[in-house]
Amino acid sequence: MRLEPRPRPEQTVHVNARLITSSTILQLSSDELERVVSQVQIENPTLDVVEQSICLFCGTPVYGQTGQLCSACGQFAHSTQLQEDSTPYESPTQMQWDYQQQTFYDIDNYGFLEVDRDDAYDPMARIATNATLAETLLQQLEAIVSPDDAPIAEQLVGNLNERGYLETNVEDIATHLQVPVEHVEAVLKQLQTLEPLGIGARNARECLLIQLETLSELNPPHPLAYTLIDQHFDLLGHNQLTRIARTLKVSEQEVRRANDYIRSMLYPFPAYVYHSDTPYSQFSGATYIRPDIVIRKGENGFELDLIEEKRYHFQTRSNGHDQGGHHPVDLSDSELQRYINHHSDRAKFFVDCIQRRWKTLRRVAELVVNYQREFLDKGLRRYLRPLTRAEVATRLNLDESTVSRATANKYAHLPNGRLMPLSDFFDGSLGAKDILRELIQGEDPKHRFSDEELARLLTAQGMPMARRTVTKYREDMGIGSSRER
């Protein structure tokens, strides 16, 4: 028998950027997906997102103003619509115009003006929260600008991005408010004097120069700091200190000292500094759990709805044509044609990833609902049947990692009104913990069960369990030992 190397056929999976993006979108929570959709909509001019006005807790359509109780679930109904009083499925041309107008905030319902609040029935509105950066800036501006300039201040603050930079031009704000550009520039100068230093700058260079000018009034800065930021900012960002030293005809050591001063004393993103310096800032960005899946008990069994699928409707444009066949832009330039084609392909791929997410999530949820009918009908965790992600993956012909991503950070709204993580459907210990909690609650106060006795009682009920497992489950539930109870 001759021993020689022979080729052996093997199947391998090639991981590319598209697969990674699709897997990442599948794993996102509802809040993370909301931020991603908003960001992609801003960056991609060929993607239109129509958000239906629904309750984010049960998916029921919401009519009228926001801030009211949902008629179906009784929760505080947050409207998800981008534009108030806009009908679903507007024409893309109208949507594009509405989107352009959306960058300007409603000055009749924000800022200095006193308006009626619709959160009287919202229990969360009664919880004290830290003021946002926008609220803080508007309160400070209220004391230094005239009431006639209040709309200008609100537009400037409303158009600050997450870094604290002004995203729009002062000319656009002046045109929108029909005021002179000089008035907008004057209010912007007032805004840039507020803290955090550098707020309202148009870019990082202007932000650092504003900070440097303010700090120079207190202590003299490094002699080269202003020159490096003003004239050599791009080289400074690429850390090309030697080239800067040759240009300025100074020693490289002197340039490095100026660079160290800039990096230690100045900060390019003022909004981040505000959030990190705010007391209890770790609680200011708190989010509330919202269900991804709503499970209802219908006439023919359990019905399943995806909140995202009812909320978002995507429309893409290609070759510069909108859905009505109009030409919103002139595509005579070949470079512009390539730009539109590139973003159109990206928009189609993004929509495809979202639809794959919905399809996978629905398949997994439908299998889990069919498998756990007794639990959903009775509402007690002791009726949860053992189920693993590997079993779901085998039945759906999916990879186990895909099932893990589809169930990560997702929540289901059960027929009894309770929110439950999808991961709990695969936790085999919940049923045992439920029975264990009932045994401890029903024990005689004069004779507390030890872990050994609890293990025997569970075994007698058809649930064999070791003493150390009982101890682990008891500690997971935060229940003390027999002596501590």
For E308, state whether it is out of contact with any helix residue (DSSP H, G or I) (no Cβ under 6 Å at 6 or more places or on another chain), at pLDDT 85 or above and not in a helix (DSSP H, G or I). no
Do we have any residue at all in the range 330-345 that's at pLDDT 90 or above, among the aromatic types (F, W, Y), farther than 27 Å from M463 by Cα and out of contact with any Phe, Trp or Tyr (no Cβ under 6 Å at 6 or more places or on another chain)? no
From F425, F449, grab the single residue that is among the aromatic types (F, W, Y), modelled with pLDDT of 85 or more and within 18 Å of R468 (Cβ to Cβ). F449
Report yes if R257 is closer than 25 Å to T214 by Cβ, modelled with pLDDT of 85 or more and charged (D, E, K, R), otherwise no. yes
For the range 360-380, check the following and say yes or no: at least one residue is of a type outside the set (F, W, Y) and more than 22 Å from L306 (Cα to Cα). yes
The condition of being out of contact with any Asp or Glu (no Cβ under 6 Å at 6 or more places or on another chain), among the hydrophobic types (A, V, I, L, M, F, W, C) and in contact (Cβ under 8 Å) with a residue 24 or more places away in the chain holds, among L218, L209, L166, L235, only for L166
So which of V294, V273 ends up being at pLDDT 90 or above and either in a helix (DSSP H, G or I) or not small (G, A, S) (or both)? V294
Selection count, the range 412-428, where residues are surrounded by 13 or more Cβ atoms within 10 Å (Cβ to Cβ) and in contact with a Phe, Trp or Tyr (Cβ under 6 Å, 6 or more places away or on another chain): 1
When the range 20-50 is examined, which residues are found to be touching a Pro at 6+ places or on another chain (Cβ under 9 Å) and among the hydroxyl-bearing types (S, T, Y)? S30
Considering every residue within the range 380-399, establish whether at least one is in contact with a helix residue (DSSP H, G or I) (Cβ under 6 Å, 6 or more places away or on another chain), within 16 Å of D292 (Cα to Cα) and not charged (D, E, K, R). no
Looking at the range 391-400, which of its residues are part of a helix (DSSP H, G or I), without any contact (Cβ under 8 Å) to a residue 12 or more places away in the chain, over 26 Å from I435 (Cα atoms) and out of contact with any Lys or Arg (no Cβ under 9 Å at 6 or more places or on another chain)? A393, T394
Would you be able to tell me the number of residues in the range 430-456 that are open to solvent by 60 Å² or more (accessible area, probe 1.4 Å) and within 27 Å of L387 (Cα to Cα)? 3
Could we say that L138 is over 27 Å from the mean Cα position of the chain (by Cα) and in a helix (DSSP H, G or I) here? no
How many residues are touching a residue at least 40 places away in the same chain (Cβ under 8 Å), more than 21 Å from the chain's Cα centre (by Cα) and open to solvent by 90 Å² or more (accessible area, probe 1.4 Å) if we restrict to the range 345-368? 0
Output for the range 207-232, where each listed residue is crowded, with 17+ Cβ neighbours inside 10 Å, in a helix (DSSP H, G or I) and not polar (S, T, N, Q): C207, L208, L209, I210, L212, A225, Y226, L228, I229
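The values are calculated or read from the model by the stated rules, or taken from the named source; none is laboratory data. Predicted, not measured: the structure shown is a model, and the values here were computed from it. A quick note on method: Cβ atoms are made from the backbone with ideal geometry, for glycine too, and the neighbour counts reach across all protein chains shown. Just the protein is used for accessible areas: all its heavy atoms, side chains included, with ligands, DNA and RNA removed. Shrake-Rupley method; radii C 1.70, N 1.55, O 1.52, S 1.80 Å.
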